[in-house]
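Okay, so here's the structure we're looking at.
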Amino acid sequence: LRKQQEAVQSTESAEKQKIWLSAVQALFKEIRTWLADVEKQHLLKVESVQIPITEETIGTYMAPALTLTIPSTGKKAQVVPIGRTIIGADGRVDLKSSRSNFVLLYLADKGTWVHGSGPYPDKFPILNEDMFSDLLTRALE
C-alpha cells in the first residue's frame, strides 16, 4: 500500500512539475515578446539559461531562467523561478537585480501572473507589458 501511495505521489509530483514549467515557459515567451523591440535595437540582451531548483514536494529539477543585460552599462537583472510550492499562489518567479527584487506570482485558476506580496494574491495587479517594463526599468536603475 505504501509503495502504491509513493507511486501516486510521484506521478502527481511529475504532473505538477510539468504544469509549473509550462506556466514558466509561457511567461518567459511573453516576456521575450515584450522585449523584442529593445533587443532588436541592441538596448538589451536577453539570454536563456537553465537553473536547478529543489522543492520538498516536487524534488530537484531544471527550470528556465532569463538574464537581461544592458550592453552599454553591463547592468543585469534576472527573471528566476523560485518554485511552485508557494502559500496563496501556484508558483513564484522573481525579477531581481543587485538593487531590487520583484515578486511575480502565478494564479493557476485564472491562468495569470500577478505582481505583489502579501496575503491576497488574487487582489494583486495582473502582470502586463507596461508593468513588466516599469519593474525592469526600476531593477536596472
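The values are calculated or read from the model by the stated rules, or taken from the named source; none is laboratory data. Predicted model, so just to flag it, every value in this text is computed and none were measured. Positions of Cβ are backbone-derived with ideal geometry, glycine not excepted, and every protein chain shown enters the neighbour counts. Each accessible area value is taken on the protein alone, full model and side chains, heavy atoms only, with ligands, DNA and RNA left out. Shrake-Rupley method; radii C 1.70, N 1.55, O 1.52, S 1.80 Å.
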Q) Can you name the number of the only condition in (1) open to solvent by 80 Å² or more (accessible area, probe 1.4 Å); (2) in a loop (DSSP other than H, G, I, E, B); (3) more than 25 Å from S133 (Cβ to Cβ); (4) not small (G, A, S) that E12 fails? A) (2)
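Condition check ((1) in contact with a Lys or Arg (Cβ under 8 Å, 6 or more places away or on another chain); (2) within 21 Å of K29 (Cβ to Cβ); (3) aliphatic (A, V, I, L, M)) across all residues:
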| site | (1), (2), (3) |
| --- | --- |
| M62 | no, yes, yes |
| P71 | yes, no, no |
| K75 | no, no, no |
| A89 | no, yes, yes |
| L107 | no, yes, yes |
**Q.** In segment 51-82, the residues that are in contact (Cβ under 8 Å) with a residue 40 or more places away in the chain, more than 19 Å from D134 (Cβ to Cβ) and not hydroxyl-bearing (S, T, Y)
**A.** I58, G59, A63, P64, P81
Q.
Going through K110, K96 one at a time, which residue ends up being in a loop (DSSP other than H, G, I, E, B) and basic (K, R)?
A. K110
Q | Lone qualifier among T73, T60, T137 - being part of a strand (DSSP E or B) and out of contact with any Phe, Trp or Tyr (no Cβ under 9 Å at 6 or more places or on another chain) | A | T60
**Q.** Count - residues of segment 26-67 that are modelled with pLDDT under 95, more than 17 Å from I86 (Cβ to Cβ) and open to solvent by less than 20 Å² (accessible area, probe 1.4 Å)
**A.** 0
Q.
Quick check on segment 85-107: of everything there that is under 19 Å from E56 (Cβ atoms) and open to solvent by 50 Å² or more (accessible area, probe 1.4 Å), which residue is nearest to the chain's Cα centre (by Cα)?
A. R92
(Q) All but one of (1) part of a strand (DSSP E or B); (2) open to solvent by 60 Å² or more (accessible area, probe 1.4 Å) hold for S22; state the number of the condition that does not hold. (A) (1)
